[in-house]
Amino acid sequence: MINAYVRKDGRKGIRNVVVVAYLVECAHHVSRRIVDGANDSEVHLIGFPGCFPNEYAYRMMSAICTHPNVGAALLVSLGCESMNREQLLSDIRASGRPAELLVIQEAGGTLSTMRAGLDAVARLRAEADQAPRADMAVSELVVGTICGGSDGTSGITANPAVGRCFDHLVADDATCIFEETGELIGCETIMAERAVTPDLAEEIRACVAKAESYYRTMGFGSFAPGNAEGGLTTLEEKSMGAYSKSGSSPISGLLKPGDQAPAGGLYLLDVVPDGEPRFGFPNISDNAEIVEMIACGCHLILFTTGRGSVVGSAISPVIKVCANPDTYRRLSEDMDIDAGRILNGEATLDEVGEEIYQRVISLAQGEPSCSEALGHQEFILTYKAFEPLGPACLPVRQIG
Amino acid sequence: MVPTEKPDGKSSSVAQTLLLHPDDTVLVCISAIAPGDILMIDQVAVSATDAIQVGHKIARQALKPGDTVLKYGAPIGSITHAVPPGGHVHMHNMKSDYIASHSRDRSPNQGKPQP
């Protein structure tokens with residue numbers, strides 16, 4: 001059984017993180033020193049570097065500071081940036097989580113704010129530790145998946161194995177989220193056929209078309225040189241491999257960053273901004289996608305890799321599923337699951353899928369993943385713009 | 001890999017490949033292939049001419065420019081230069097039908113291709 005942390009808003013977390021959030025790059029150093037000084041693996045650093053206002057960034061910060069894995073938050077502001085710090089503080093407190101705010105320009109500079117921040121973190125830690133515990137069913141888990149550093153083995157071993165795990169989780173009525181429509185270009189037809197309603201199918205086709213148009217404007221597809229070195233030749237080939245992470249369940253809905261799924265099932269997360277391309281690449285690196293899945297409430301992330309990524313994440317632990325047996329041998333200290341065994345016939349897709357499922361449960365029960373134990377707490381948030389979800393995106397909500 | 005005897009007496013190996021879907025026009029290499037290794041393509045032995053790494057693709061049949069490449073039973077791009085059966089299928093002889101791929105030394109926004 002999973003022994004969850006119960007938040008006052010009723011959500012259940014599998015970790016009890018005290019988050020320290022800088023609200024502009026100018027407060028980053030002070031915030032990092034506070035986190036370093038706290039010397040507590042469950043105190044995590046997050047933040048937004050921009051000084052200009054951005055509705056998306058505010059929504060993401062608010063969603064992440066009230067994430068089920070977060071027990072308390074310290075906001076660190078320089079003082080003159082655009083992020084609405086008072087509103088953010090009020091959002092977090094409204095969720096029942098203890099929260100404090102430090103403004104460097106008022107607190108007396110770097111050292112004074114660091115000292116005040118360490119005191120605040122100690123208070124917040126003590127309050128977060130009072131969170132009641134309760135059983136959590138598998139159906140209450142929200143699990144995201146991403147692939148990074150894909151190669152020609154990813155789509156044969158790790159990705160379809162995660163798909164099998166997703167099928168098992170969806171059968172348990174858990175919520176599963178897959179994403180990066182820019183890495184699903186070429187899969188739109190087969191993907192739309194899995195939508196639970198014709199209108200949702202149309203939304204899925206439209207969001208992949210949007211991704212293709214956006215990436216064309218950027219001048220690059222979501223395809224890195226390492227993908228080619230690993231045997232992938234085209235974006236649509238990479239897409240077919242990435243798509244297999246979704247498994248075979250019906251697609252229950254389409255989310256945008258920060259939206260929570262209304263019920264268990266499989267959901268596609270649209271990470272490509274709406275409107276004219278404005279702020280550059282949709283997701284500048286894998287962690288930007290992970291952060292968006294966390295903003296949708298993911299308790300943990302299944303990360304498949306062929307070339308070998310080592311990243312983890314702040315807030316929600318990352319399980320690494322290694323597709324390539326050679327990479328596993330080189331980077332085994334970073335890998336939780338050796339899916340490359342499928343290539344030489346040592347394991348079947350079903351067996352590795354079940355192994356991933358069991359790892360999801362043990363991680364939710366508290367056993368750290370490799371990246372978590374190694375202290376990986378990457379976090380990146382940049383400018384974007386989104387329109388609200390259309391009415392056809394969540395058919396379950398309409399029925400319910 | 002299974003060692004075999006080539007006609008000239010030198011030892012060779014039968015490389016392991018994977019057919020992901022019956023309609024596919026490429027096979028996926030699941031153990032490293034060296035030139036001279038034997039590739040079994042639909043029960044026909046073909047001698048490999050290229051060194052090919054795990055995860056890369058080889059042609060299941062002769063492919064000519066304009067042919068659609070099928071993997072996972074789905075189109076993954078088009079052939080730009082002819083490939084013999086058993087030949088390496090990659091950036092040098094196929095392209096995306098969506099957005100062009102880029103490499104470190106040659107990318108759409110970085111000016112002229114390297115010589």
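Points worth noting:
- Members of region A:248-271 that are within 28 Å of A:MET61 (Cβ to Cβ) and assigned to a strand (DSSP E or B): A:SER252, A:GLY253, A:LEU254, A:LEU255, A:GLY265, A:LEU266, A:TYR267, A:LEU268, A:LEU269
- Of all residues in region A:231-247, at least one satisfies being within 25 Å of A:CYS165 (Cβ to Cβ), more than 10 Å from chain B (Cβ to nearest Cβ), touching a helix residue (DSSP H, G or I) at 6+ places or on another chain (Cβ under 9 Å) and not in a helix (DSSP H, G or I).
- Evaluation of A:ILE185 against (1) assigned to a helix (DSSP H, G or I); (2) within 11 Å of chain B (Cβ to nearest Cβ); (3) in contact with a Phe, Trp or Tyr (Cβ under 6 Å, 6 or more places away or on another chain); (4) not small (Gly, Ala, Ser) (one fails), failing number: (1)
- Residues being more than 12 Å from chain A (Cβ to nearest Cβ), in contact with a strand residue (DSSP E or B) (Cβ under 7 Å, 6 or more places away or on another chain) and either open to solvent by 50 Å² or more (accessible area, probe 1.4 Å) or under 21 Å from A:GLY306 (Cβ atoms) (or both) - total across region B:20-56: 6
- When every residue of region A:294-304 is checked against the conditions, none turns out to be closer than 20 Å to A:CYS370 by Cα and either out of contact with any Gly (no Cβ under 8 Å at 6 or more places or on another chain) or surrounded by fewer than 24 Cβ atoms within 10 Å (Cβ to Cβ) (or both).
- Any hit, region A:177-190, residues being exposed (fewer than 15 other Cβ atoms within 10 Å of the Cβ) and modelled with pLDDT under 95: yes
- Residue list for region A:320-346, filter: touching a strand residue (DSSP E or B) at 6+ places or on another chain (Cβ under 9 Å) and away from every other protein chain (no Cβ under 14 Å): A:LYS320, A:VAL321, A:LEU331, A:SER332, A:ASP334, A:MET335, A:ASP336, A:ILE337, A:ASP338
- Here A:GLU354 meets the list (1) within 14 Å of chain B (Cβ to nearest Cβ); (2) surrounded by fewer than 17 Cβ atoms within 10 Å (Cβ to Cβ) almost entirely, failing just condition (1).
- The condition of being touching a Lys or Arg at 6+ places or on another chain (Cβ under 9 Å), modelled with pLDDT of 85 or more and among the β-branched types (Val, Ile, Thr) holds for only one of B:ILE38, B:ILE52, B:ILE30, that being B:ILE38.
- Residue within region A:204-217 that is touching a residue at least 40 places away in the same chain (Cβ under 8 Å), in a loop (DSSP other than H, G, I, E, B) and surrounded by fewer than 22 Cβ atoms within 10 Å (Cβ to Cβ) present: no
- Taken as a whole, the condition of being within 14 Å of another protein chain (Cβ to nearest Cβ) and of a type in the set (A, V, I, L, M) does not apply to A:VAL196.
- Matching residues in region B:73-83 - criterion: being open to solvent by 50 Å² or more (accessible area, probe 1.4 Å) and modelled with pLDDT under 95: B:PRO75
The values are calculated or read from the model by the stated rules, or taken from the named source; none is laboratory data. Note that the structure is a prediction, hence the values are computed from the model and not measured. Neighbour counts are summed over all protein chains in view; Cβ atoms, including those assigned to glycine, are modelled from backbone coordinates with ideal geometry. All accessible areas refer to the heavy atoms of the entire protein, side chains included, with ligands and DNA or RNA removed. Shrake-Rupley method; radii C 1.70, N 1.55, O 1.52, S 1.80 Å.
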